[in-house]
Amino acid sequence: MEKEEYKKLISTIVPKENKLKNGLIAFIIGGLIGLLAEILVVIFQSKFNLSYKESTSVMMVILIFFASLFTAMGFFDNLVSFAKAGLIVPITGFAHAMTSSIIDYKKEGFVTGIGSNAFKLSGSVILYGVVSAYVFGIVRYLFFGG
């Protein structure tokens, strides 16, 4: 079978995605996560007298905890199937990637399983995040004087 024939066959079988619908769902879900995060920050500031910096740290820990818990319980993937990038792009996606790797390789032990595979999926996020921060830091320094 030629490559072109194969591509035609695949295009008839693979369902078409509704990009507008997926984008709107991701936008709404991501916005709701942002709203939830902001509500948590305000609660921590007003009820527990934490500073803004402390409140944001606690909020991130809570979001990471629940994303990891839902991944371990096995239903975060179902949520992602519905919410798309609305759940993957925020910090919850990073927590999900790390927890998934840990769960997949836990039977191989702490060192060869968890230790060597914990950052397998999220390593690229860390790499590109650090590289982007470095590049944008240089750009900011060059064009805006540090």
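The values are calculated or read from the model by the stated rules, or taken from the named source; none is laboratory data. Remember, predicted model here, so these are calculated numbers, not experimental data. Methodologically, a virtual Cβ is constructed for each residue, glycine included, from the backbone with ideal geometry; neighbour enumeration extends over all protein chains shown. For accessibility, only protein heavy atoms count, side chains too; no ligands or nucleic acids. Shrake-Rupley method; radii C 1.70, N 1.55, O 1.52, S 1.80 Å.
If you filter segment 46-57 down to residues that are surrounded by 16 or more Cβ atoms within 10 Å (Cβ to Cβ) and more than 23 Å from ALA85 (Cα to Cα), you find that the one that is nearest to the chain's Cα centre (by Cα) is SER55. Looking across segment 1-30, the residues that are surrounded by 10 or more Cβ atoms within 10 Å (Cβ to Cβ), closer than 26 Å to ILE88 by Cα and out of contact with any Pro (no Cβ under 7 Å at 6 or more places or on another chain) come down to ASN18, LYS21, ASN22, GLY23, LEU24, ILE25, ALA26, PHE27, ILE28, ILE29. Figure legend. Inter-residue proximity from segment 92-114: first residues without any contact (Cβ under 8 Å) to a residue 12 or more places away in the chain, second residues open to solvent by 20 Å² or more (accessible area, probe 1.4 Å) and of a type in the set (Lys, Arg), beta-carbon distance below 8 Å, spacing 6+ or different chains. Indicated pairs: GLY113/LYS106; GLY113/LYS107. Among residues of segment 105-146 being among the aromatic types (Phe, Trp, Tyr), modelled with pLDDT of 85 or more and open to solvent by 100 Å² or more (accessible area, probe 1.4 Å), the one that is nearest to ALA95 (Cα to Cα) is TYR128.
In segment 52-67, the residues that are more than 13 Å from PRO90 (Cβ to Cβ) and aliphatic (A, V, I, L, M) never reach a residue that is open to solvent by less than 90 Å² (accessible area, probe 1.4 Å) and at pLDDT below 95 with C-beta atoms less than 7 angstrom apart, at least six apart or across chains.
Looking only at segment 105-134, which residues are part of a helix (DSSP H, G or I) and of a type in the set (S, T, N, Q)? Within segment 105-134, THR112, SER116, ASN117, SER124, SER132 qualify.
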